[in-house]
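The values are calculated or read from the model by the stated rules, or taken from the named source; none is laboratory data. The model shown is predicted, which means the values in this text are computed figures rather than measured ones. Because the Cβ atoms are built from the backbone with ideal geometry, glycine has one as well, and the counts that use them run over all protein chains shown. Note: areas computed on protein heavy atoms with side chains; ligands, DNA, RNA excluded. Shrake-Rupley method; radii C 1.70, N 1.55, O 1.52, S 1.80 Å.
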Amino acid sequence: MNMKIAFVGKGGSGKTTLSSLFVRHLAASGAPVVAVDADINQHLGTALGLDDEAAAALPAMGAKLPLVKDYLRGSNPRITSAASMIKTTPPGEGSRLLRLREDNPVYDACARPVELDGGTVRLMVTGSFTEADLGVACYHSKTGAVELCLNHMTDGPDEYLVVDMTAGSDSFASGMFTRFDITFLVAEPTRKGVSVYRQYKEYARDYGVTLKVVGNKVQGQDDIDFLRAEVGDDLLVTVGHSDWVRAMEKGRPPRFDRLEDVNQRSLRALRDAADATYTLRDRERYTRQMVHFHLKNAGSWGNARTGEDLAAQVDPGFVLDERTAGAVSPAAAAGATA
């Protein structure tokens, strides 16, 4: 099964650290992993052990958006051109779909292998928000390639897509928050720490988002009791001080199998929770939500920007599920191997 997993939380909560630990945990088990840094502050690469120079050299997905659109469009007759695609454009008959294990032009352009002591993962990054973007670009435009890839991703056995999302509740600006099987919200045991949880819970409630809280920087039972009182049964695990993490943050991580047993158990609990959501999948609802946010974005800005009625891009008979993985038209399939 291909599990799509998001890590969210306020800035400074330890969200990127925990997402990187989870990626390492999955890689150590031999599972195929694609990790995506969709945060406005691009730190996942360094958290996975890249030096600053290597992390800065990672290709930005935002800069490759025309290529991503052109590839995913395939021979879908409802999409007049790659330029008419927006970040929420859903797949339909003829679209090219993505699998985690495959090689394709999107991965060639946007993904780079990262060697971990437990295995190798593919890392993709949106690209940082620079001074040149101020006043002319919205950060959400940079995550467009990520959202398109999520919309076009199909399932394979025992695979994991892990996305380090932008801090706070910014992900609500698009439908990307509904693209995951489970969302782990990293919260410190403070009033500010649980405020993002309340925002996320309130907004996600109507969309069937599976949300679990990871309590971080927990120092004792009082912190656990506080989190339990604030978030109830949504509290899945807690994580305290880690000498392994401190060494990693200094750029000298020990072998991953030396991570403290208590934290290894917490990571296993995260994986178990993610795997358990597989039976809860409702692919028709998933596709309906994709279409809902596409129509919403089309009406608010997409139609005006492209000069087209983007509602016409919706394929009413298409459902993105395991069976559609081979539903690409012969012309699109031929183009994918050309």
query = Cβ-Cβ below 8 Å, separation at least six or inter-chain, first residue in the stretch 122-149 and under 13 Å from Val36 (Cα atoms) and part of a helix (DSSP H, G or I), second open to solvent by 40 Å² or more (accessible area, probe 1.4 Å) and at pLDDT 70 or above: which pairs?
reply = Ala145/Lys64
remark   = So, first residue free of Cβ contacts under 8 Å to residues at least 24 places away in the same chain in the stretch 273-294, second residue open to solvent by less than 70 Å² (accessible area, probe 1.4 Å) and in a loop (DSSP other than H, G, I, E, B), Cβ within less than 8 Å, six or more apart or across chains; the pairs are none
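Please enumerate the residues belonging to the stretch 217-250 that are farther than 23 Å from His43 by Cα, in a helix (DSSP H, G or I) and either touching a Cys at 6+ places or on another chain (Cβ under 8 Å) or not acidic (Asp, Glu) (or both).
Just the residues of the stretch 217-250 that are farther than 23 Å from His43 by Cα, to begin with: 219-237.
Checking which are in a helix (DSSP H, G or I) leaves us with 221-234.
Hits for the stretch 217-250 are Gln221, Ile224, Phe226, Leu227, Arg228, Ala229, Val231, Gly232.
Any idea which residue in the stretch 175-194 is most open to solvent (accessible area, probe 1.4 Å), counting only those that are of a type in the set (Lys, Arg) and more than 27 Å from Thr89 (Cβ to Cβ)?
This residue is Arg191.
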remark   = Among the residues of the stretch 9-35, the number that are open to solvent by less than 30 Å² (accessible area, probe 1.4 Å), in contact with a Ser or Thr (Cβ under 8 Å, 6 or more places away or on another chain) and over 17 Å from Ala269 (Cα atoms) is 1
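Residue-wise test of (1) touching a strand residue (DSSP E or B) at 6+ places or on another chain (Cβ under 7 Å); (2) more than 15 Å from Lys64 (Cβ to Cβ); (3) modelled with pLDDT of 95 or more; (4) open to solvent by less than 60 Å² (accessible area, probe 1.4 Å).
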residue: Tyr107; (1), (2), (3), (4): yes, no, yes, yes
residue: Cys110; (1), (2), (3), (4): yes, no, yes, yes
residue: Val114; (1), (2), (3), (4): yes, yes, yes, yes
residue: Gly118; (1), (2), (3), (4): no, yes, no, yes
residue: Leu123; (1), (2), (3), (4): yes, no, yes, yes
residue: Ala137; (1), (2), (3), (4): no, yes, no, yes
residue: His140; (1), (2), (3), (4): no, yes, no, yes
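Counting only residues that are touching a Phe, Trp or Tyr at 6+ places or on another chain (Cβ under 8 Å) and either under 29 Å from Gly49 (Cα atoms) or open to solvent by 20 Å² or more (accessible area, probe 1.4 Å) (or both), how many does the stretch 211-233 have?
First, the residues of the stretch 211-233 that are touching a Phe, Trp or Tyr at 6+ places or on another chain (Cβ under 8 Å): 211-214, 230-231.
Retained after the next criterion (residues that are either under 29 Å from Gly49 (Cα atoms) or open to solvent by 20 Å² or more (accessible area, probe 1.4 Å) (or both)): 211-214, 230.
Residues flagged as touching a Phe, Trp or Tyr at 6+ places or on another chain (Cβ under 8 Å) and either under 29 Å from Gly49 (Cα atoms) or open to solvent by 20 Å² or more (accessible area, probe 1.4 Å) (or both) within the stretch 211-233 amount to 5.
Answer with yes or no whether Ser266 is closer than 27 Å to Gly193 by Cβ, open to solvent by less than 20 Å² (accessible area, probe 1.4 Å) and touching a residue at least 24 places away in the same chain (Cβ under 8 Å). Show your work before the answer.
Values: closer than 27 Å to Gly193 by Cβ: yes; open to solvent by less than 20 Å² (accessible area, probe 1.4 Å): yes; touching a residue at least 24 places away in the same chain (Cβ under 8 Å): yes.
So Ser266 fits the description; yes.
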key: Pro77, sole failed condition from (1) of a type outside the set (Lys, Arg); (2) farther than 30 Å from Leu295 by Cβ; (3) without any contact (Cβ under 8 Å) to a residue 40 or more places away in the chain; (4) open to solvent by 50 Å² or more (accessible area, probe 1.4 Å)   = (2)
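Within the group Pro113, Pro59, which residue is in contact with a Cys (Cβ under 6 Å, 6 or more places away or on another chain) and farther than 25 Å from Tyr286 by Cβ? Break it down stepwise before answering.
On the way: Pro113 fails: in contact with a Cys (Cβ under 6 Å, 6 or more places away or on another chain).
Result: Pro59 is the single residue among Pro113, Pro59 that is in contact with a Cys (Cβ under 6 Å, 6 or more places away or on another chain) and farther than 25 Å from Tyr286 by Cβ.
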